[in-house]
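The structure appears right after this line, and notes come after that.
The values are calculated or read from the model by the stated rules, or taken from the named source; none is laboratory data. The structure displayed is predicted, hence computed values, not measured ones. Glycine gets a Cβ as well: all are built from the backbone with ideal geometry, and neighbour counts include every protein chain shown.
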Amino acid sequence: MMDKATLRKDFLLKRISLTPEEAAIKNDLICRNVLESLTLSGTENIHIFLPQINKKEIDTWNIIRQLQIAFPNIRIAVPYVIPKTKEMEHYILNTQTHLITNQWGIPEPDPLTSQTIPVQEIDHIFIPLLAFDEQGYRVGYGGGYYDRFLAKCRPDAVKTGLSYFGPVANISDVDIYDIRMDACITPEKTWFW
């Protein structure tokens, strides 16, 4: 069993150590598994994070494009971190959405020109993570943004992590604020809980 701080450090290093070729292959496999694992009616509101390139996050742009092709009536929502808080707002991502780059190098919708979407309207959330365990708990960057967001979502909203790597056996310091995922998609397989 490992704690979040150790897992955070180890898996960030592991991810940054991927070659561009390895990352590209893993991204393609994750995208394929997303499309194979999802059961959608085609009218859902899907929340997905935009990648932090300097931390070699999963390239969600390809997933977004493939979802839009396969399900043209879904709405894609992306997060915006409210400055000087640990909270996020959520905005529709479409061809009119103007993106700005935040302090961490993450593209975000411009809140002055983008269409907001209430948390209660979100049906499916794709969650960023560094590591996860066999019980469905995740380790993020430690800011708590997604824990706060997920706590506000409807109980039936599907929570799916995206990970380059498979799970560890247990995260030793899971607490009451950690919300278990419903699934986690890796290049090799999709884990369900």
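Some points to look at:
- Which numbered condition Ile76 fails, given (1) surrounded by fewer than 21 Cβ atoms within 10 Å (Cβ to Cβ); (2) part of a strand (DSSP E or B); (3) modelled with pLDDT of 95 or more: (1)
- In the range 145-165, the residue that is surrounded by the fewest Cβ atoms within 10 Å (Cβ to Cβ) out of those that are under 14 Å from Ile179 (Cβ atoms) and touching a Phe, Trp or Tyr at 6+ places or on another chain (Cβ under 7 Å) is Asp147.
- Looking across Glu22, Glu44, Glu87, Glu36, one residue alone is among the charged types (D, E, K, R) and within 15 Å of Tyr164 (Cα to Cα). It is Glu22.
- Yes/no for Thr85 being touching a Phe, Trp or Tyr at 6+ places or on another chain (Cβ under 9 Å) and either among the hydroxyl-bearing types (Ser, Thr, Tyr) or assigned to a loop (DSSP other than H, G, I, E, B) (or both): no
- Take the conditions (1) in a loop (DSSP other than H, G, I, E, B); (2) at pLDDT below 95; (3) buried (at least 19 other Cβ atoms within 10 Å of the Cβ); Gly136 misses just one of them, which is (2).
- Qualifying residue in the range 35-49 (condition: within 27 Å of Phe132 (Cα to Cα), touching a strand residue (DSSP E or B) at 6+ places or on another chain (Cβ under 6 Å) and assigned to a helix (DSSP H, G or I)): yes
- Put simply, of Ile125, Ile100 the only residue that is assigned to a strand (DSSP E or B), buried (at least 22 other Cβ atoms within 10 Å of the Cβ) and not polar (S, T, N, Q) is Ile125.
- Where a residue in the range 20-32 is in a helix (DSSP H, G or I) and its partner, wherever it lies, is among the hydroxyl-bearing types (Ser, Thr, Tyr), with Cβ under 6 Å and at least six apart: Lys26/Tyr164
- Across the range 1-54, the qualifying residues are those that are acidic (Asp, Glu) and at pLDDT 95 or above, and the one among them that is surrounded by the most Cβ atoms within 10 Å (Cβ to Cβ) is Asp10.
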